[in-house]
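The values are calculated or read from the model by the stated rules, or taken from the named source; none is laboratory data. Everything numeric in this text was worked out from a predicted model, so none of it was measured. Cβ: placed from backbone, ideal geometry, glycine included. Neighbour counts: every protein chain shown. We work out accessible area using only protein heavy atoms, side chains counted, and drop any ligands, DNA or RNA first. Shrake-Rupley method; radii C 1.70, N 1.55, O 1.52, S 1.80 Å.
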Amino acid sequence: MMEPGSRSPGRTVAVGPTEDEASEHYPGPEVEVIVAAPGWRAAVPRVEDLARRAAQAAWAEAGLEAEGAFTVLLADDAAVKRLNTDHRGKVKPTNVLSFPGEMPGHLGDIALALGVVRREARANKRRVAAHLAHLVAHGTLHLAGHDHLQAGEARRMEQAEARIMRRLNMPNPWRGMT
């Protein structure tokens with residue numbers, strides 16, 4: 001989990017609209033995208049923009065009004081494995097982790113593991129960009145209070161994710177899944 005205002009090792013870039021453009025075209029919280037694993041840029045063109053758009057679309061889908069910001073960390077498997085071990089007791093990388101914010105104005109953090117996302121995309125015959133967008137949306141919905149522990153919750157979350165992907169002009173991640 002990252003502290004507000006902190007930076008991960010490696011090159012960090014947060015590309016996006018100006019404040020005026022953000023308030024006009026991107027309602028909702030500020031989304032900072034940190035690329036800690038440079039391989040993300042090779043895997044997904046304009047990865048910062050896609051992650052930010054997916055997060056904003058998911059927040060809009062959740063229908064919440066909140067002032068503040070959250071961070072999307074695009075990391076490697078080792079970094080996400082450490083987070084998963086430290087915070088969930090699971091000694092393995094996972095595709096996406098969400099950490100709700102604990103301070104006013106900080107809505108939380110999302111971390112994604114490049115290797116896991118690539119492997120899952122390949123296994124499901126999906127583009128890495130589409131899988132990234134889906135997982136960012138999934139993590140953002142968790143920050144907004146959604147969960148999928150019960151069957152009804154899981155179905156509502158899947159439907160919301162399908163609507164978000166449609167907003168992004170990307171394929172429904174649940175189509176064709178059994």
Checklist entry - Within the stretch 108-123, can you find the residues that are more than 13 Å from the chain's Cα centre (by Cα) and touching a residue at least 12 places away in the same chain (Cβ under 8 Å)? => result 115, 116, 118, 120
Checklist entry - Can we say residue 72 is over 19 Å from residue 169 (Cα atoms) and touching a residue at least 40 places away in the same chain (Cβ under 8 Å)? => result yes
Item to check | Within the stretch 56-78, tally of residues that are farther than 19 Å from residue 126 by Cβ and touching a Ser or Thr at 6+ places or on another chain (Cβ under 8 Å) | outcome: 5
Checklist outcome for this item: Residues of the stretch 145-167 being open to solvent by 20 Å² or more (accessible area, probe 1.4 Å) and in contact (Cβ under 8 Å) with a residue 12 or more places away in the chain, in sequence order, are 145, 146, 158, 163, 167
